[in-house]
Amino acid sequence: MNCQTLIEKFVNDRDETVVNQLGQLLITKELTLVDFIVDIGDYLQSTELSKRSTALTLIGNILNHLPNTFLQSNEIHHLLVFIGAKMGDHHILAQPAVDLFRILAKQSTINDEDCVIMMKSIFSDVYVQSFPQASRYNVFVILLHFLLYRLDAVQQLGSDFVCNFIQAMDGERDPRNLVLCFQCLQYMTKYLDIEPYKEELFEVVACYFPMEYKPKATNSETEETITHEQLVLSLRNVLTSNEKFAQYCIPMLIEKLESDIPTARLAAMDVFIHCIEEYNARDITSYLVPLWNLFSKQALCAENQEIETSALRAITSLMQLIGKSIQNDETEISTKKFVDRSIRECENFLKELDLKLVWPATKVLHAVARANTTCSSLIWSSILPLLMKQFENLEQINHKRTILDMIIYFLQLPNIRTTIKLPSGIPEELWILISTHFQTYPSHCLSLIHNLLQLHAVPSQVLEDDLTKFILQDNIADELKIKLSAVLRMLASSVSFDRICTNILTNLIQSWTVTKTAPTNETLECCIDLCHNSERCQERLERFFFPSAQFIRLLPSLFKYLSPIYILTNLFTSLFDLLLTLIDHDQYAKIFCSKCASVANESCKTFVENFYQSNLFNDSIWQTDKQMNLLVIMYFIGSLKRQFFQNELEIIFNRINKKLLEQILNHSSNEIINIYCYFFGNLINKLSSKNEIIEQAQTIIKQCETSLDQVHIHLWIILVKALILSRPTMIEQYISTLILWMNEKTPIGDLACQSLKVLTNFDEQSLLLSSQTDCIIHPMVKQIIFMNILSKMKPFLTNNDLLPNQMNVLVDLLDNIPKSIIQNEIISLLPILIRALTLSNETVWSSSLNSICNLIKSEPNTIIDHIDTILPRLTALSTYKKDMSIRITSLQCLKYITSLPIHKLQPYRRHVIHVLKTCVDDHKRLVRRQAVDTQMSWCLLNA
Amino acid sequence: MDLSSGPQNLNPTIYERTEERTVQASDYDNDASDEIDRREIFDLIRTINDPEHPLTLEELNVVDLDGVTIDNQANTVRVQFRPTIPHCSMATLIGLSIRAKLLYTLPSRYKVGVNIIEGAHIQENQINKQLNDKERVTAALENNHLRAVVNRCIIASDA
């Protein structure tokens, strides 16, 4: 088929396949562009408008198919001149012409002159705003493309471009186009001379402020929509992009700040916060005071948290803007004058502690202080002495507390990275204040010490004694412990506090060496806190090294400061005997062993090798009296990093797997068997990159299937879990077997149900099979396991006589799986959960109630269809005598249900309120509390 | 009662809230029984909102723990409250809110009495009489407008 016929086919029948065919011909050079244009010429010149338009569309469609390197520079030029002429021909032709322009603009060989021609043609031949949305969009795409990649060409047009652009976008209302326009404007204000048209440019943008736009709900997910945030952000970027806008923008912001509409005020503050990068204070000198007044008013009388936060940030920004400009005492713009103004305005509020403005005023001053170092030292030097004086004069304890809170608040300056010194005299006075009131207000004083240390205020000698005395007293409250620990770590970390740190440590050590007693847990904890220093850690630690269970609990926090080999040879080895006595029952001992091994790297190879050679490979280790040694070894070996010890782990596995298996099958204690199984699983999991290990594991799993008893099933499930964790797809091989076992009405069924719990439980209790011990855990493993189990269990769900144990498993499963994974499934499971509530098996009630409760809380509407079954059950359970947590949860459910539409609840209301009357008289206070809550919700249903 | 005019006490003194009741180990023991005590009654009423201010009765010191008495043998509860100013026209409404809240939430075996602390209001006797007249309280709570106002006072206590 030749070119002519194809073109005819398109023009007459609109056959879209033609586009592809012609495109292919052009790419394979069977057809030259010139011939094609000549062939289509008749149509382009046709007297019928529709034919001219169709021909242009065809050219556009074909060029769109070709790569953007296809056209030569001279071809582009000729096409451009031709299309330019078509633009003026008829308005119907303008749209396909703009499409073509867009394609040509993106050609890589287009030269600058042609770009200029194109832009001139767009600006002079047509009126952009008369186009439909899609064509306007194309125009802005072309202009943005030129601004981004052809800036030289745009700059040839200079400020004419700015003027023409203003005309082109004036009145634009479509959000998709606006985002593009704003992007263009951002580049224009940056790279073009906007001076002659700055006011017009500002006006054309400012009319969109503050942006109010609600995106339409789209039907299809593929359709791209513009969000409100996108528009707000791009508009803000334009407004804040150039300092020349300052003189117009600030009056506009002031106008919005004075309005009653909170969103307008928020938007204005948002723009202000972001404009300080570009704007200069000297351009807006006369507006600074009004701005200050408006911002402080917003902050002091904020209606909500959001406005307050924005206003405070705006105040900080204002002070930063002022701080940027050159100033001395005479200039009108002066940081000092503004700080004085802020103090003058807020000072009185600080004195009236019973009034509500104390904290807003404190926050305003703090926002000022946060701006820069000058501001903070000015605020500190006037406010802190004032507060300290007030503190001494006040009598009420809660007033004194408030003052301390304020001082602490003023000393928090998170944004300033550079070191700032407190004004002279103030730290000394504060230290005195701390030491005189440490006993009375320990919590406040500790926070204050922390903040002062952060500001590098060197404390006096008294602090050592105060802290020592405080630490050595008994019964420090938990919240104080946290603060104390933060203070001690702060002291420990910096070189400048080295002396005081050493002194406190000496004092503490003396406290138990002198009396020859064992140190208390708190003291030991504080000593450890004082070791948090990368250089001095080892030295300080050695001074009070004291093997105790508490020590084992605390030591891992120091590991980051110590070398791995030191940890292994000095800490792990010296604590080994103690670990033997603890490993059986103390979780921390297990974690300690595991942490020690996880820090081991290349440098520890010899230690590790000696360790397992002399311990694990020694046959006597398998005797019953050495059981504890074996446990310590297992937690240690099981936590070695694969990265460094892959080969060693393989050697260990090959050497001991037979013995280990033998132990598992013959041991008497279930707990020990459990740990052995996990260790076995741990090794298999870590070595699962090796096929021969997997094969071995699979053989063992097969063997377990032949003799079904408790131990074999347990080993089976742990090995399966070990494999699945690294290769989740393997679950498909095993899950059917497990389900089959679960269906049996013999003890095997119960055992299998228990096993399923092992599979779905990702808690820490299985330390040896977790990412902490460097096992291979596939990131999607939870989802895959759950989805598989659920799909296999679907038949159960429709089965009405679910065994109690199976129900138990299902409900338990729901408890274990993160809610986000099961969101879609839970609704289909709801009938089961509700059925579980009516079972005679009481053990499942609690967990199914919890699941139901979470569901009603997040998506109350899902319950509507089941309301007839669930409400009577919940009311019955809310008086269930045996378990108070069931009572509380069902009362909670009843409360959440009240968010349903009232006509659904009305039939039950009397009955529920009646039952609740008995619940508020429950013999447990916690139940009564929930009952009162629920009762109120039901009583006030239609209030 | 004129609710449309502006607040009478424009600048009330605000008091600190008491801390939440600490939960003890015995609270979780289903076999031990906890009697309803003064603090529990106080917890019920302290979160009621003042009709005029966005503050709770506790923050305005209208009610405090000492004003609550309970006798579990005789099944009686007595609450005394202190209007912020002696001529407060809201006193009856506050009293009614306290009554309503206790009516909704206390077990029905208790007989409840709500009074103004002696000497705290100029119309003390009149208001006390109104508040403790069962018929009048029920009638008041059946009045739609009044019930809406009372509900607004006690509903926010959930938040």
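The values are calculated or read from the model by the stated rules, or taken from the named source; none is laboratory data. Bear in mind that the values here come from a model prediction, so they are computed numbers and not experimental data. Positions of Cβ are backbone-derived with ideal geometry, glycine not excepted, and every protein chain shown enters the neighbour counts.
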Mind listing whichever residues of segment A:824-866 are without any contact (Cβ under 8 Å) to a residue 40 or more places away in the chain, assigned to a helix (DSSP H, G or I) and among the aliphatic types (A, V, I, L, M)?
A:ILE826, A:ILE827, A:LEU829, A:LEU830, A:ILE832, A:LEU833, A:ILE834, A:ALA836, A:LEU855, A:ILE863
The residue from A:LYS917, A:LYS895 that alone is under 17 Å from B:LEU103 (Cβ atoms), of a type in the set (D, E, K, R), facing chain B (nearest Cβ under 10 Å) and not in a loop (DSSP other than H, G, I, E, B) is A:LYS917
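Residues being outside any helix (DSSP H, G or I) and more than 42 Å from the chain's Cα centre (by Cα): count how many of those fall in segment A:643-697.
Matching residues across segment A:643-697 total 3.
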So, restricting to helices (runs of 4 or more DSSP H) that lie completely within segment A:699-794, which ones have at least 1 residues that are in contact with a strand residue (DSSP E or B) (Cβ under 8 Å, 6 or more places away or on another chain)?
none
Please list, ordered by first then second residue, the pairs with beta carbon atoms under 7 Å, 6 or more apart or interchain, first in segment A:158-179 and closer than 13 Å to A:VAL141 by Cβ and of a type in the set (Gly, Ala, Ser), second surrounded by 17 or more Cβ atoms within 10 Å (Cβ to Cβ) and modelled with pLDDT of 90 or more.
A:ALA168/A:VAL139
Pull out all pairs, ordered by first then second residue, where Cβ-Cβ is under 6 Å, the residues are six or more apart or on different chains, the first lies in segment A:66-86 and is under 18 Å from A:VAL98 (Cβ atoms), and the second is exposed (fewer than 15 other Cβ atoms within 10 Å of the Cβ) and hydroxyl-bearing (Ser, Thr, Tyr).
A:ASN68/A:SER108
Quick one: would you say A:GLN390 is surrounded by 15 or more Cβ atoms within 10 Å (Cβ to Cβ) and among the polar types (S, T, N, Q)?
yes
Test B:VAL77 against the criterion of being within 14 Å of another protein chain (Cβ to nearest Cβ), more than 21 Å from B:ASP50 (Cα to Cα) and buried (at least 16 other Cβ atoms within 10 Å of the Cβ), and give yes or no.
yes
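Kindly establish whether A:SER382 is in contact with an Asp or Glu (Cβ under 6 Å, 6 or more places away or on another chain), in a helix (DSSP H, G or I) and either of a type in the set (S, T, N, Q) or within 14 Å of another protein chain (Cβ to nearest Cβ) (or both).
no
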What is the one condition in (1) within 14 Å of chain A (Cβ to nearest Cβ); (2) crowded, with 21+ Cβ neighbours inside 10 Å that B:VAL63 does not satisfy?
(1)
Checking the condition more than 20 Å from B:ASP31 (Cα to Cα), touching a helix residue (DSSP H, G or I) at 6+ places or on another chain (Cβ under 6 Å), more than 9 Å from chain B (Cβ to nearest Cβ) and modelled with pLDDT of 85 or more, which residue from A:TYR908, A:TYR880 passes?
A:TYR908
Residue in segment B:23-49 that is farthest from B:THR76 (Cα to Cα), counting only those that are within 9 Å of another protein chain (Cβ to nearest Cβ), surrounded by 12 or more Cβ atoms within 10 Å (Cβ to Cβ) and among the charged types (D, E, K, R):
B:ASP29
Can you tell me which residue in segment A:422-469 is farthest from A:PHE497 (Cα to Cα), limited to those that are charged (D, E, K, R) and crowded, with 17+ Cβ neighbours inside 10 Å?
A:ASP466
If I ask for residues that are under 29 Å from A:ASN398 (Cα atoms) and polar (S, T, N, Q), which ones from segment A:307-366 would you list?
A:THR309, A:SER342, A:ASN348, A:THR362
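For segment B:108-154, name all the residues that are in a helix (DSSP H, G or I), within 13 Å of chain A (Cβ to nearest Cβ) and either buried (at least 17 other Cβ atoms within 10 Å of the Cβ) or more than 14 Å from the chain's Cα centre (by Cα) (or both).
Pass one, segment B:108-154, residues in a helix (DSSP H, G or I): B:124-131, B:134-142, B:144-154.
Subsequent filtering for residues that are within 13 Å of chain A (Cβ to nearest Cβ) retains B:141, B:144-154.
Listed by number, the residues that qualify are B:LEU141, B:ASN144, B:HIS145, B:LEU146, B:ARG147, B:ALA148, B:VAL149, B:VAL150, B:ASN151, B:CYS153, B:ILE154.
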Where residues in segment A:923-943 are facing chain B (nearest Cβ under 9 Å) and outside any helix (DSSP H, G or I), which of them is surrounded by the fewest Cβ atoms within 10 Å (Cβ to Cβ)?
A:ALA943
